[in-house]
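Worksheet: one structure, shown below.
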Amino acid sequence: MENYMKLEFPSKSQNEAFARIVVAAFAAQADPTLDEISDVKTAVSEAVTNAVIHGYENKSGTIVVSATLQGKRLEVTVIDYGVGIEDLEQARMPLYTSKPELERSGMGFTIMENFMDEIDVISEPGKGTTVKMVKIFGKKEPTET
Amino acid sequence: MDAKFVRVGTTLIVRMVGELDHHAAEKLRTKIDAKLKREGVRDLLFDFQGVQFMDSSGLGMVLGRYKLVSAKGGKVLACGLNQRIKRIFEMAGLQKRITICRSEEDALSGA
Ligand SMILES: Nc1ncnc2c1ncn2[C@@H]1O[C@H](COP(=O)(O)OP(=O)(O)O)[C@@H](O)[C@H]1O
Ligand SMILES: [Mg+2]
């Protein structure tokens with residue numbers, strides 16, 4: 001099975017739920033477990049929230065979420081054209097946040113890393129950020145005969 | 001996200017229903033902070049029984065309330081966490097600051 005989808009929406013916080021639900025619905029065709037779907041929902045929520053809060057600093061901008069499915073392999077990409085990240089290594093450290101005044105926990109990237117199989121972040125200051133994540137479904141399931 | 005507030009003695013209980021993400025957390029924290037200012041509230045208990053989804057914005061909201069409440073000598077408790085939410089709490093080490101209980105009864109009786 002091979003399939004893809006692409007979604008574009010403004011950087012409003014209401015769209016965080018919308019985006020994760022759409023990706024979860026798209027991924028459902030690969031028959032993931034409930035846990036796997038929750039992993040994907042949580043990771044997408046983190047990436048989209050980061051685009052809203054950090055990428056666009058709560059101002060308006062466009063967020064693009066796309067996904068492809070190849071068999072049991074889901075690849076999700078979240079793009080913003082916002083401020084970008086200066087120091088990626090620091091940004092990805094557990095508990096690091098550049099916005100403690102907004103009550104951020106600094107756990108977004110850590111959650112994405114833990115819940116997905118791969119994560120790749122490409123960012124350029126002043127240009128924006130792309131977060132690419134991969135989830136392979138059915139890794140933990142016992143093989144049925 | 002929907003939230004109901006109940007006061008038992010000096011504890012304010014927040015019964016949340018729905019998904020606790022950034023959008024919901026921003027709204028909820030304003031409501032909680034208004035209630036916390038009321039006379040006689042010392043401790044805060046988050047009941048997660050009705051929460052199916054939480055991401056790191058939920059952690060930030062809980063930690064923010066912990067700062068307010070602990071600064072005034074109160075404590076923050078959480079109950080009804082599903083496995084996933086518990087795992088997210090533990091990833092951030094929240095269990096060191098927040099008392100995690102099974103149910104509201106356990107939390108209120110100090111079990
Ligand atoms: N899309 C983005 N654009 C700009 N900066 C970002 C983006 N995503 C993450 N960051 C930076 O990385 C840091 C860590 O992100 P994260 O782990 O999600 O924690 P938090 O969102 O709680 O700050 C953020 O505080 C921010 O500085
Ligand atoms: Mg984040």
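The accessible area of A:MET116, taken with all protein chains in place and a 1.4 Å probe, comes to roughly 10 Å². Neighbours of A:ALA17, meaning other residues whose beta-carbon lies under 15 angstrom from its beta-carbon, give a summed charge of -3 when Lys and Arg score +1 and Asp and Glu score -1. When the helices of chain A are scored as -39500 (n - 2.57) per DSSP H run of n ≥ 4 and the total is divided over every residue, the value at 222 nm lands at -9000 deg cm²/dmol.
Rg/Rh, computed from the Cα trace of segment A:51-90 with Rh as the Kirkwood radius, has the value 1.11.
Peptide A:126-138 shows a mean partner chain C-beta count of 0 within 10 Å per residue C-beta. Averaging Cα coordinates gives a centre for segment A:8-82 and one for segment B:67-109; these two points are 28 Å apart. Ranking A:ASP80, A:ASP120 from most to least accessible surface, computed with a 1.4 Å probe over the protein chains only, gives A:ASP120, A:ASP80. Comparing the full protein assembly with the isolated chain (1.4 Å probe, heavy atoms, ligands and nucleic acids excluded), the residues of segment B:70-108 losing at least 10 square angstrom of accessible area are B:ARG84, B:ARG87, B:ILE88, B:MET91, B:ALA92. For B:LYS31, the lysines whose Cα falls under 18 Å of its own Cα, not counting residues fewer than eight places away in the same chain, are B:LYS4, B:LYS67.
B:LEU68 exposes around 80 Å² of accessible area when a 1.4 Å probe is run over every protein chain in place. Accessible-area loss of 30 Å² or more (1.4 Å probe, protein heavy atoms, chain alone versus all protein chains) is found in segment A:42-91 for A:THR42, A:GLU46. Taking the DSSP beta bridges with both ends in the protein assembly as shown, the antiparallel portion is around 70 percent. With both residues required to sit in chain B, DSSP beta bridges show an antiparallel share near 30%. Stokes-Einstein, applied to the Kirkwood radius of the protein assembly as shown over Cα pairs at a viscosity of 1.306 mPa s and 10 °C, places its translational diffusion at 84 µm² s⁻¹. The residues of the protein assembly as shown expose, per residue, 50 Å² of accessible area to a 1.4 Å probe. Pairs of Cα atoms nearer than 8 Å and 6+ residues apart set the relative contact order; for chain A it is 27 percent. With a 1.4 Å probe rolled over the protein heavy atoms of all chains, the accessible area of B:LEU108, A:LEU102 falls in the order B:LEU108, A:LEU102, largest first.
Which residues, if any, in segment A:1-37 have at least 30 Å² less accessible area in the whole protein complex than in the isolated chain, probe 1.4 Å? Residues shielded by partner chains are A:SER13, A:GLU16, A:ARG20. For segment A:58-145, the number of Lys pairs with C-alpha atoms closer than 25 Å, counting only pairs eight or more positions apart or on separate chains, is 10.
When B and A come together, around 1900 square angstrom of accessible surface is lost from both chains combined, probe 1.4 Å.
The aspartates and glutamates whose alpha-carbon is closer than 20 Å to the alpha-carbon of B:LYS72, local same-chain residues fewer than 8 away aside, are A:GLU101, A:GLU103, B:ASP33, B:GLU39, B:ASP43.
Seen from B:PHE53, the other residues with C-beta closer than 9 Å to its C-beta sum to a net charge of 0, counting Lys and Arg as +1 and Asp and Glu as -1.
Share of carbon and sulfur in the accessible area of the protein assembly as shown stands at 49%, probe radius 1.4 Å.
With only Cα atoms counted, segment A:79-144 has Rg and Dmax values of 14.6, 50 Å. In segment A:8-71, Cα pairs under 8 Å separated by at least six residues give a relative contact order of 54 percent.
The values are calculated or read from the model by the stated rules, or taken from the named source; none is laboratory data. On a predicted model such as this, the values are computed, not experimentally measured, just so you know. Ideal geometry is used to build each Cβ from the backbone, glycine not excepted, and the neighbour counts take in all protein chains shown. Ligands, DNA and RNA are stripped out before the accessible areas are found, and what is left, the full protein with its side chains, is counted by its heavy atoms. Shrake-Rupley method; radii C 1.70, N 1.55, O 1.52, S 1.80 Å.
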